[in-house]
1. If you scan the stretch 52-104, which residues turn out to be assigned to a strand (DSSP E or B), farther than 13 Å from THR33 by Cα and among the basic types (Lys, Arg)?
2. Given the criteria among the polar types (S, T, N, Q), in a loop (DSSP other than H, G, I, E, B) and exposed (fewer than 14 other Cβ atoms within 10 Å of the Cβ), does SER114 qualify?
3. In the stretch 12-40, how many residues are surrounded by 12 or more Cβ atoms within 10 Å (Cβ to Cβ) and either at pLDDT 50 or above or closer than 23 Å to THR56 by Cβ (or both)?
4. Among the residues of the stretch 98-116 satisfying the criterion of being over 16 Å from GLU48 (Cβ atoms) and of a type outside the set (Gly, Ala, Ser), which is modelled with the lowest pLDDT?
5. Report, by residue number, each residue of the stretch 41-50 that is surrounded by 12 or more Cβ atoms within 10 Å (Cβ to Cβ) and modelled with pLDDT of 90 or more.
6. Scan SER76, SER95 and give me the residue that is surrounded by 15 or more Cβ atoms within 10 Å (Cβ to Cβ), within 24 Å of GLY113 (Cβ to Cβ), among the small types (Gly, Ala, Ser) and at pLDDT 85 or above.
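The values are calculated or read from the model by the stated rules, or taken from the named source; none is laboratory data. Since we're looking at a predicted model, the values are computed, not measured. Positions of Cβ are backbone-derived with ideal geometry, glycine not excepted, and every protein chain shown enters the neighbour counts.
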Amino acid sequence: MAGGPKKCWSLIGFSLICLKMVASAKTAPEIPTIDQAYSKISNCITVEWATVPGATSYLLTAEDGDTVIETMVANSPGTVTGLKAATLYQITIRSISATGRSQPSPPKQAKTGSWMLLPC
């Protein structure tokens, strides 16, 4: 194995075991930043953000204090559906890649509309 510091242990004074610790090159993708979150109708919120390099999908989360709704999307903009009308939500987003998922973005607030005009 290449790279990394060595850790050695002595077992009952007879043997010496050495292992090289290898730092993993895998890291979670960058945290996305929400540009805007808005609602034009009563049961959904649309979220826009800048693409994160290496991300293969994004996890949108909407929380109103009682309920958490998560939606997986491929790119921006993405829409969270199944929300309550005239309700204020905290929206966050995580980027996802083969190496893991990012921490959640700083939250943005968005309120759903009070009327139903079109489906999301």
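1. ARG101 - this is the single residue of the stretch 52-104 that is assigned to a strand (DSSP E or B), farther than 13 Å from THR33 by Cα and among the basic types (Lys, Arg).
2. Taking the combined requirement at face value, the residue satisfies it.
3. Summing the residues that are surrounded by 12 or more Cβ atoms within 10 Å (Cβ to Cβ) and either at pLDDT 50 or above or closer than 23 Å to THR56 by Cβ (or both) in the stretch 12-40 gives 13.
4. Going through the qualifying residues, I end up with MET116.
5. Answer for the stretch 41-50, where residues must be surrounded by 12 or more Cβ atoms within 10 Å (Cβ to Cβ) and modelled with pLDDT of 90 or more: ASN43, CYS44, ILE45, THR46, VAL47, GLU48, TRP49.
6. Unique residue meeting the criteria: SER76.
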